[in-house]
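Structure first, commentary second.
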Ligand SMILES: [Zn+2]
C-alpha cells in the first residue's frame, strides 16, 4: 500500500487548520441550547451550520427536514463525516455560555459533540482546498435527535433513502477520548405493565392485585439476567466487567395508588443492552415470551453494530491518529449506542473518533481540550485524502 507523504501534507494542513475559525464555530454552536430532550433550538442550530457550510464553499448545501447535508470534492465515491448537533440537557444555564479557561473550552456540547462538528466541517473544506478530493467526495451529514435515538435525525434520512448506504466509509466525531470505537451495543428497552382491579384492602377478594400477578415474571427475569451476564463480548472494552451482556430491571417502576388499595396496575422498565455477538430478534422474543400477559410498550429498539478494526478505513484512521498524537489508539466497543450502526447495517465501515472526552460529556463541567479540535480536523482530512485518492 502506498501511503501519503504524511509529514509534508500534515504540516500544511495543520497550518491551515490552526485557524481560530473552528474554535469560533464551536463557541457559536455551544451558545445555541439545542437540548434533547425535548429538542430545543434545532432550527437555529441547523441555520448556523448551513451558513458555515455556505461560507466555506461546500457543494449541494441543503436542509432535509431537521438534517443538514453538504458535500465537498468530486467523483463517485463518498466518505461520510456524520455528526449530531443536539446535546443532552444542561445542568445549569451557564453551560450555554462558552468559556475558554486555560487550554480548555467549557460548555454543553463542547465534547459531545459540537467541537467535533467544527473539526469535521473544517477538515473537509481543508482537504478540498488542498486538492485531495478530486477522485471522491466527503459527504457532510449533520443530524439532531441522536441523544434520544429520536425520529428526526439519521432515522429520518434512512426513511427517505438519503442515508449513505453506498458510502466507502463513515466517521463520526463522538467524544472517544483518544481511542477509536469500532463497535457498539444494541438496545431493547421496554415498559411492561400488568393490569389488575382496585379494591379496599379489607375486601381485597373483590380486586385483582396487579403487583402480585407481576411477581412470577420478575423472578423469571432474574433467572434470565443471571444467564445473560455469563455472556461476554469479544470486543475490547474496559474494565473486564463491562464485557458482560446487560439486562437491567426496574429503571422505572410503579404500582397502585396507596398501601390500602389492591394495585390496579404494576409497571416496570427493562433495559436490555445486547453485545454485537447477540441477535436482537432472539433476545426480544425471549423477553416477550417471559412477559406473557403484560402490556408491552417498546421504548427503544436498536441493533448492535461492529466494523472489524482491520478494515482499511480503521487502519488508515489509526495510523494518522498515531502520527499526529504520538499515541497508537486502541479500538474499543462504545458502552452506549452509536450512529455508526445506521451505516454498519448497510455494510459501510463506520468508526467513531473525536476531539472530546467521554468522561466529562453529559456532565456539569463538560469541556474539550482546545488543541484536540485542530488535531482531530487534521486526522479527518488526512484520512479522507488517503481514502479518496
Ligand atoms: Zn454524542
The conditions are (1) more than 25 Å from residue 310 (Cα to Cα); (2) surrounded by 22 or more Cβ atoms within 10 Å (Cβ to Cβ), and residue 376 fails exactly one of them. Which is it? (1)
Here are 131, 161, 202: which of them is at pLDDT below 95 and either away from the ligand (no atom under 16 Å from the Cβ) or not assigned by TED's automatic domain parsing to the domain that holds residue 42 (or both)? 131
Just checking, how many residues over region 350-365 are within 11 Å of the ligand (Cβ to nearest atom) and buried (at least 24 other Cβ atoms within 10 Å of the Cβ)? 3
For region 379-387, state whether one or more residues are at pLDDT 95 or above and closer than 30 Å to residue 90 by Cβ. yes
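Test of understanding: among 330, 345, which residue is modelled with pLDDT under 95 and surrounded by fewer than 18 Cβ atoms within 10 Å (Cβ to Cβ)?
Values: 330 fails: modelled with pLDDT under 95.
The conditions single out 345.
Residue by residue, here is whether (1) in a strand (DSSP E or B); (2) away from the ligand (no atom under 15 Å from the Cβ); (3) surrounded by fewer than 17 Cβ atoms within 10 Å (Cβ to Cβ) holds:
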| position | (1), (2), (3) |
| --- | --- |
| 62 | yes, yes, yes |
| 68 | yes, yes, no |
| 73 | yes, yes, no |
| 82 | yes, no, no |
| 89 | no, no, yes |
From the list 338, 317, exactly one residue is in contact with a strand residue (DSSP E or B) (Cβ under 8 Å, 6 or more places away or on another chain), under 16 Å from residue 154 (Cβ atoms) and buried (at least 22 other Cβ atoms within 10 Å of the Cβ). Which is it? 338
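Being modelled with pLDDT of 95 or more and in the same structural domain as residue 340 (by TED's automatic domain parsing) narrows it down to one of 180, 270, so name that one.
Sole residue among the options that is modelled with pLDDT of 95 or more and in the same structural domain as residue 340 (by TED's automatic domain parsing): 180.
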Check whether at least one residue in region 99-110 is assigned to a helix (DSSP H, G or I), within 16 Å of the ligand (Cβ to nearest atom), in contact (Cβ under 8 Å) with a residue 40 or more places away in the chain and crowded, with 24+ Cβ neighbours inside 10 Å, and report yes or no. yes
Please go through region 137-156 and give me each residue that is more than 13 Å from the ligand (Cβ to nearest atom) and touching a strand residue (DSSP E or B) at 6+ places or on another chain (Cβ under 6 Å), ordered by number. 137, 138, 139, 140, 141
Residue ID - nearest to the chain's Cα centre (by Cα), chosen from residues in region 314-346 that are without any contact (Cβ under 8 Å) to a residue 24 or more places away in the chain and in a loop (DSSP other than H, G, I, E, B): 328
Could you list, in sequence order, all residues of region 49-58 that are free of Cβ contacts under 8 Å to residues at least 24 places away in the same chain and surrounded by fewer than 18 Cβ atoms within 10 Å (Cβ to Cβ)? 51, 54, 55
Mind counting the residues in region 291-314 that are assigned by TED's automatic domain parsing to the domain that holds residue 245 and out of contact with any strand residue (DSSP E or B) (no Cβ under 8 Å at 6 or more places or on another chain)? 1
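The values are calculated or read from the model by the stated rules, or taken from the named source; none is laboratory data. Keep in mind it's a predicted model, so treat the numbers as computed, not measured. Here Cβ is always computed from backbone atoms with ideal geometry, including for glycine, and neighbour counts include all displayed protein chains.
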